[in-house]
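The values are calculated or read from the model by the stated rules, or taken from the named source; none is laboratory data. Being a predicted model, the structure only gives us computed values, none of them experimental. Cβ sites come from the backbone with ideal geometry, for glycine too, and all protein chains shown count toward neighbours.
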Amino acid sequence: MQGEIEARKQTTYLANLFLPVQKSKHFRFLWVGQLFSILGSSITMVILPVVVYSLTGSTVVMGTTMTMYMLPNVLVLPFSGLIVDRLNRVNVMLFTDIVRFILMVAAMVLVLSDALTIHILYGLVAIYGLMDGLFQPAYAAVRAQVFVPEIRNAANALTQMSHQGVRLIGPALGGLIVSAASAGIGFGLDAITYLLSFICLLFIRDLTSKTETKSEAYKFNMMKDFAEGVAVLKSQPWLWVTILAFSFINICYAGIIVVLIPWLFNVHYDFDPFIYGLAMAFSGGGAVLAAFIFGSRQKWKRRGLIAYGGVLLSGLALLAMPFVTWAPGLVGLLAIEGFGIMMFALVWETSLQELVPEEAFGRVASLDMLGSFALLPLGYLLTGWLADVIGGITTITYLAVAALAIVAVALSVPSIRRFD
């Protein structure tokens, strides 16, 4: 009898989890399209550092490469939110997908013809970063429209679980492609995924926002529009305090994960690229587990403590990495890191969708990304330079300790601890 009850609970949970697929055509095509896109991106994120280190072997150049990606991304964010809230958001996504498809084809041709140089790579990643700066606020705003209250919790959980599930495959596949074939093949596969995403988005072009339907009566005022987005953030301490905290936390975590973890695996320990890909896949596996747990309940209490507890757990895992030399141990720590940061991401995503009006979502999303990412170009450069001066192991330790200190400061704010 007890077994039957548990089976019914599992069936009910799975039915609730897949409710968005049954109820919403827009969700289905958005979900499938982004699964393709994320598969390609996760392959490329493994291949890119391998390409950079094979060309130069330098942490400084790796940091510079990521700066070249982030700088255009950050510079366009103040304007992308305004664009997203005034144009068809799906059309913005379509435009960025086709440009990124062209970029990946170009990268494939250059690698396969042995013509790729670090300066050409800088240019490619800069344009890629610009497109991401347009795409991400548009995608966040479309999610807020499609993830209506009836399906919101299930839609967020299913999206994150499936995205992270794809990331289990992508990094390992990327490492396998580099080991067995060529980085150019990986870039080509990424190009195909952007094309498939573009095709899926064509089926949801009928999705319109409230601001689009009122476009004839709308008079453009950039400063007023920007101020409206700021006002929404200021009205919610949970939003602006977290964005401020993560403007510094992201410097530390991204510096470690993007610049130094590839160095740790590929240069310091000289593991096979497949091991690095496997480690990144396990990071995705930890995130899947977090999404499964989060999606198992309709409501969570003490969400502020859950979110920042996840960030704390992630930081502790990164802090332990310089003291572990065993490959399976490093892989396990990255799984813990993925679990912790996903718990934060799910609380953050659902809280944005609850607190931010649809007509201002693009601006708030772009301000969120601007606050979180504005200092990343400097952070990547600083991380690469610091690792060159004092060593990568010491730099990982310092950055992890700094991030944990910022988490402690954020938790001292009552509006963060008590956010429910």
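Points worth noting:
- Residue in the stretch 45-59 that is in contact with an Asp or Glu (Cβ under 9 Å, 6 or more places away or on another chain) and small (Gly, Ala, Ser) present: yes
- Tally of residues being free of Cβ contacts under 8 Å to residues at least 24 places away in the same chain, in a helix (DSSP H, G or I) and under 30 Å from Leu82 (Cα atoms) across the stretch 124-182: 1
- Exactly one residue out of Leu77, Leu116 is in contact with a helix residue (DSSP H, G or I) (Cβ under 8 Å, 6 or more places away or on another chain) and outside any helix (DSSP H, G or I): that is Leu116.
- Of all residues in the stretch 70-86 being buried (at least 24 other Cβ atoms within 10 Å of the Cβ) and of a type outside the set (A, V, I, L, M), the one that is farthest from Ala360 (Cα to Cα): Asn73
- Positions within the stretch 104-123 being crowded, with 20+ Cβ neighbours inside 10 Å and either within 16 Å of Tyr69 (Cα to Cα) or modelled with pLDDT under 90 (or both), in sequence order: Met104, Ala107, Val111, Leu116, Leu121
- Per the conditions (1) hydrophobic (A, V, I, L, M, F, W, C); (2) surrounded by 20 or more Cβ atoms within 10 Å (Cβ to Cβ); (3) more than 28 Å from Asp85 (Cβ to Cβ); (4) in contact (Cβ under 8 Å) with a residue 24 or more places away in the chain, the sole criterion not satisfied by Leu333 is (4).
- Matching residues, the stretch 272-327, being more than 18 Å from Ala157 (Cα to Cα) and without any contact (Cβ under 8 Å) to a residue 40 or more places away in the chain: Gly309, Leu313, Ala317, Ala320, Phe323, Val324, Trp326
- Only residues that are over 18 Å from Gly33 (Cα atoms) and either crowded, with 19+ Cβ neighbours inside 10 Å or modelled with pLDDT under 90 (or both) were counted in the stretch 127-138, giving 4.
- Within the stretch 288-302, being surrounded by fewer than 20 Cβ atoms within 10 Å (Cβ to Cβ) and either under 22 Å from the mean Cα position of the chain (by Cα) or among the acidic types (Asp, Glu) (or both) holds for Leu289, Phe292, Ile293.
- Residues located in the stretch 139-161, provided they are modelled with pLDDT under 80 and over 16 Å from the mean Cα position of the chain (by Cα): Val148, Pro149, Glu150, Ile151, Arg152, Asn153, Ala154
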